[in-house]
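One structure below.
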Amino acid sequence: MPSEETLLTGHACRDLVDELVSTDESRLSLPTRIHVSECLRCQAELASYRRLRAMMHNLATAPVHADPTLEYEISVLLDQIDDGPTHRFPTRTAAAVGGIAAAAGVIALATRQRRWVRLAS
């Protein structure tokens with residue numbers, strides 16, 4: 001049963017989703033901390049975001065080992081397909097595009113998870 005403080009704050013799980021997603025666990029407001037300490041659904045949600053942040057950190061710091069001939073082989077294949085000259089992108093540009101694609105995937109997963117939580121409420 002929720003404490004009087006939780007009832008006075010009027011926080012519902014669906015109202016806390018944005019704060020749980022956008023802030024670090026140590027920066028949660030006092031009413032949110034009280035609610036999370038008593039709500040198993042919000043504790044699970046917070047643990048999910050904690051795992052997601054850890055995975056994103058690991059992804060950002062993980063070394064990428066690519067075969068040095070892979071870029072050339074792909075360029076040759078694309079040349080054969082469209083019979084045009086090969087346009088090469090600098091490695092940093094290709095890495096940035098890959099990073100943006102990975103971030104878009106993470107955002108899509110977070111949005112999907114958030115939508116699932118709102119539907120479950």
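The values are calculated or read from the model by the stated rules, or taken from the named source; none is laboratory data. Keep in mind that what you see is a predicted model, and the values were worked out from it rather than measured. So basically every Cβ, Gly included, is an ideal-geometry build from the backbone, and we count neighbours across all protein chains shown.
Could you list all residues from segment 54-69 that are under 28 Å from the mean Cα position of the chain (by Cα) and of a type in the set (Val, Ile, Thr)?
Correct list: Thr61, Val64.
Hey, could you check segment 10-30 for residues that are outside any loop (DSSP other than H, G, I, E, B) and of a type in the set (Ser, Thr, Tyr) and say which is farthest from the chain's Cα centre (by Cα)?
Ser26
Contact list please: Cβ distance under 8 Å, first residue in segment 18-37 and among the β-branched types (Val, Ile, Thr), second residue exposed (fewer than 15 other Cβ atoms within 10 Å of the Cβ) and assigned to a helix (DSSP H, G or I), pairs at least six apart or on different chains.
Note: pairs meeting the criteria are Ile34/Glu5; Val36/Gln43.
Of all residues in segment 38-88, which are among the charged types (D, E, K, R) and free of Cβ contacts under 8 Å to residues at least 24 places away in the same chain?
Arg51, Arg53, Asp67, Glu71, Glu73, Asp79, Asp82, Asp83, Arg88 - these are the residues of segment 38-88 that are among the charged types (D, E, K, R) and free of Cβ contacts under 8 Å to residues at least 24 places away in the same chain.
Just the residues that are over 30 Å from Asp18 (Cβ atoms), outside any helix (DSSP H, G or I) and at pLDDT 80 or above, please, taken from segment 61-118.
Pro63, Thr69, listed by residue number.
Does segment 57-65 include one or more residues that are out of contact with any Asp or Glu (no Cβ under 6 Å at 6 or more places or on another chain), closer than 28 Å to Cys13 by Cβ and not small (Gly, Ala, Ser)?
Checking segment 57-65: at least one residue is out of contact with any Asp or Glu (no Cβ under 6 Å at 6 or more places or on another chain), closer than 28 Å to Cys13 by Cβ and not small (Gly, Ala, Ser).
Could you tell me which numbered condition Tyr72 fails, if it satisfies all but one of (1) among the hydroxyl-bearing types (Ser, Thr, Tyr); (2) more than 23 Å from Ala103 (Cα to Cα); (3) under 15 Å from the mean Cα position of the chain (by Cα)?
Against the list (1) among the hydroxyl-bearing types (Ser, Thr, Tyr); (2) more than 23 Å from Ala103 (Cα to Cα); (3) under 15 Å from the mean Cα position of the chain (by Cα), Tyr72 comes up short only on (3).
Which residue out of Arg33, Arg50, Arg41 is touching a Cys at 6+ places or on another chain (Cβ under 8 Å), more than 21 Å from Ala101 (Cβ to Cβ) and either of a type outside the set (S, T, N, Q) or not in a loop (DSSP other than H, G, I, E, B) (or both)?
So the residue among Arg33, Arg50, Arg41 that is touching a Cys at 6+ places or on another chain (Cβ under 8 Å), more than 21 Å from Ala101 (Cβ to Cβ) and either of a type outside the set (S, T, N, Q) or not in a loop (DSSP other than H, G, I, E, B) (or both) is Arg41.
Quick check on this structure: which one of Ser48, Ser37, Ser29 is surrounded by 13 or more Cβ atoms within 10 Å (Cβ to Cβ), at pLDDT 85 or above and farther than 25 Å from Ala108 by Cβ?
Ser29
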